[in-house]
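Notes follow once the structure below has been shown.
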Amino acid sequence: MDSLKNYPISLYEALKAKSVISGYLSASPLYRYENLSQFLNCNAYIKHENYNMTGSFKIRGGLNLMSHIRQNHINGVVTFSTGNHGLSVATSASMNNIPSIIVVPEGTPRAKVQLIENAGAKVIEAGSNFDESARVVLDINENKGFYNVHPANEPLLINGVATEFLEILDKLHNIDAIILPLGGGSEVAAAITVFKALKPAIEIYAVQAKASDAAYVSWKSKSVCERDNTTFAGGFATGTAYSTTFNIYKNSLTDFVLLNENEILQGIALSAHYTHNMVEGAGGATLMAAWKLRKQLEGKNVVMQFSGANASAEEINRALNLSTFRDGQVIINGSE
C-alpha cells in the first residue's frame, strides 16, 4: 500500500487519470458570465465543480485512487472526514465495489452522517475531535488492512483532481489567470502540475480563510506551519499545511489572498447574485478574491473555480441576508 503514497504526480499521470475518470464523469461546465465580467472588469469564467456528483471537485481524486485500490486488491479504504473528502471517498469506493469506513467525531450532525452512509460507507463515530478520530483510522488501517486515504498527502488524489485543469485548457486556450481555494492544497497542487507543464505563463492565485491560515503562513515562510483553525468554511478548515501539496505550491503561486469570515459569506452572496448558484464558502471565496485582485486582473481571461456546493443551511441563510446578495456590491467595511 505504501507504493501508492509514493506515486508520481505529473502531467502524464493526470492524462492517465482523465481516461479513468471519463468513464464516470462528464466534463464540468466552464461558463463565461457577462454580468460578473462587468462587475470585475475582466472576462470572468466559472469552472463549475459544484455540478459534479457529491457536489465538489474531490470526486475526481477519489475515482482515480479507487481504480488503483481495486487493481492492487486492497481490502478497503478508511479515512476521517465529515465533509467533501469523506463523501468523495465513500461514493467513489462504492462505485468500485470497495468497502469503505469513514470515521467522524462523536456528535457529528446526523444529516452529515446520513449523507455519507447513503453514499455506501460504514460510518464510525469515535473521539471528541478529528485528532482522536484519526487514531481510530490508524487502528483500522493496521487491523483490517484498509488503505488510509489522506485528504492531501495522496498523489493519486492530486492526479485525479488535475483532470479539471485539462478540461479548462480544452475549452479556454487563452486563459490568463485562475483563482483557487486552498485548504489541504490538492486542487492548487493539481493546477500547478498541469499549467506549469502546458501553460507556464498562467497566473495562479490562491485564497484562504484568515481564521484558518496555515497554508498562507506556510507559503509566506516557505516551511510547513500549524495555525489556529476556526473558520466556518469547511473547505478551508485545516490547522496545518501538508507536505505533499505544500512542496508543489510553495514556489509556484502568483499571489495569495486571505479573507475574513464576513468576506467569505460575501463570496457566497456574490455567487448567488451573479451566477444563481448556491455554493459553499471555499467555492464562493474565489469571487471575493477576484474582487480584491481586480486591478491585477483587469481585462484578462480569468477562471474562478466553484469548488463545491455543500454549505449548511445556516451558512447560506447568513450569506443571503447580506445586502451583497440583493445588490451584487461588496460591503467595504466587511460587516452589516
Out of (1) open to solvent by less than 10 Å² (accessible area, probe 1.4 Å); (2) small (Gly, Ala, Ser); (3) farther than 22 Å from ALA206 by Cβ, what's the single condition that is false for SER312?
-> (1)
Name the one entry in LYS144, LYS171 that is within 20 Å of ALA17 (Cβ to Cβ) and open to solvent by 10 Å² or more (accessible area, probe 1.4 Å).
-> LYS171
Filter segment 12-33 down to the residues that are out of contact with any Ser or Thr (no Cβ under 8 Å at 6 or more places or on another chain) and assigned to a helix (DSSP H, G or I), then identify the one that is farthest from ILE59 (Cα to Cα).
-> TYR12
Going by the conditions given, is HIS173 free of Cβ contacts under 8 Å to residues at least 12 places away in the same chain and not polar (S, T, N, Q)?
-> yes
Quick check: is even one residue across segment 58-76 in contact with a Lys or Arg (Cβ under 8 Å, 6 or more places away or on another chain) and in contact (Cβ under 8 Å) with a residue 40 or more places away in the chain?
-> yes
Is it true that VAL330 is open to solvent by less than 10 Å² (accessible area, probe 1.4 Å), not acidic (Asp, Glu) and not in a helix (DSSP H, G or I)?
-> no
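Confirm whether GLY160 is at positive phi, modelled with pLDDT of 95 or more and touching a helix residue (DSSP H, G or I) at 6+ places or on another chain (Cβ under 7 Å).
In short, no.
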Among the numbered conditions (1) touching a Phe, Trp or Tyr at 6+ places or on another chain (Cβ under 9 Å); (2) surrounded by 15 or more Cβ atoms within 10 Å (Cβ to Cβ); (3) not in a strand (DSSP E or B), tell me where MET304 comes up short.
-> (3)
Search segment 240-252 for residues being surrounded by fewer than 20 Cβ atoms within 10 Å (Cβ to Cβ) and touching a strand residue (DSSP E or B) at 6+ places or on another chain (Cβ under 8 Å), and hand back the single one that is farthest from ALA177 (Cα to Cα).
-> THR240
What about LEU270, is it among the aliphatic types (A, V, I, L, M), more than 21 Å from SER56 (Cβ to Cβ) and either in contact (Cβ under 8 Å) with a residue 12 or more places away in the chain or in contact with a Gly (Cβ under 9 Å, 6 or more places away or on another chain) (or both)?
-> no
Note down all Cβ pairs under 8 Å where the first residue falls in segment 13-33 and is touching a residue at least 60 places away in the same chain (Cβ under 8 Å) and farther than 10 Å from ASN64 by Cα, the second is among the acidic types (Asp, Glu) and open to solvent by 30 Å² or more (accessible area, probe 1.4 Å), and they're at least six residues apart or on different chains.
-> ALA27/ASP170
The residue from ALA233, ALA237 that alone is open to solvent by less than 30 Å² (accessible area, probe 1.4 Å) and among the hydrophobic types (A, V, I, L, M, F, W, C) is ALA233
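Residue-wise test of (1) of a type in the set (A, V, I, L, M, F, W, C); (2) closer than 30 Å to LEU169 by Cβ.
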| position | (1), (2) |
| --- | --- |
| LYS250 | no, yes |
| MET278 | yes, yes |
| MET288 | yes, yes |
| LEU297 | yes, yes |
| VAL303 | yes, yes |
| SER323 | no, no |
Return only the number of the condition from (1) within 25 Å of GLY86 (Cα to Cα); (2) outside any loop (DSSP other than H, G, I, E, B) that ALA272 does not satisfy.
-> (1)
Quickly run through segment 276-291 and pick out the residues that are touching a residue at least 40 places away in the same chain (Cβ under 8 Å) and surrounded by 21 or more Cβ atoms within 10 Å (Cβ to Cβ).
-> VAL279, GLU280, GLY281, ALA282, GLY283, ALA285, THR286, LEU287, MET288, ALA289, ALA290
If ASP139 passes every condition in (1) farther than 17 Å from VAL89 by Cβ; (2) in a helix (DSSP H, G or I); (3) touching a residue at least 24 places away in the same chain (Cβ under 8 Å) but one, which one does it miss?
-> (3)
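The values are calculated or read from the model by the stated rules, or taken from the named source; none is laboratory data. Fair warning: this is a prediction, and the values are worked out from it, not measured in the lab. Methodologically, a virtual Cβ is constructed for each residue, glycine included, from the backbone with ideal geometry; neighbour enumeration extends over all protein chains shown. Areas reflect the complete protein model, heavy atoms only, side chains present, ligands, DNA and RNA absent. Shrake-Rupley method; radii C 1.70, N 1.55, O 1.52, S 1.80 Å.
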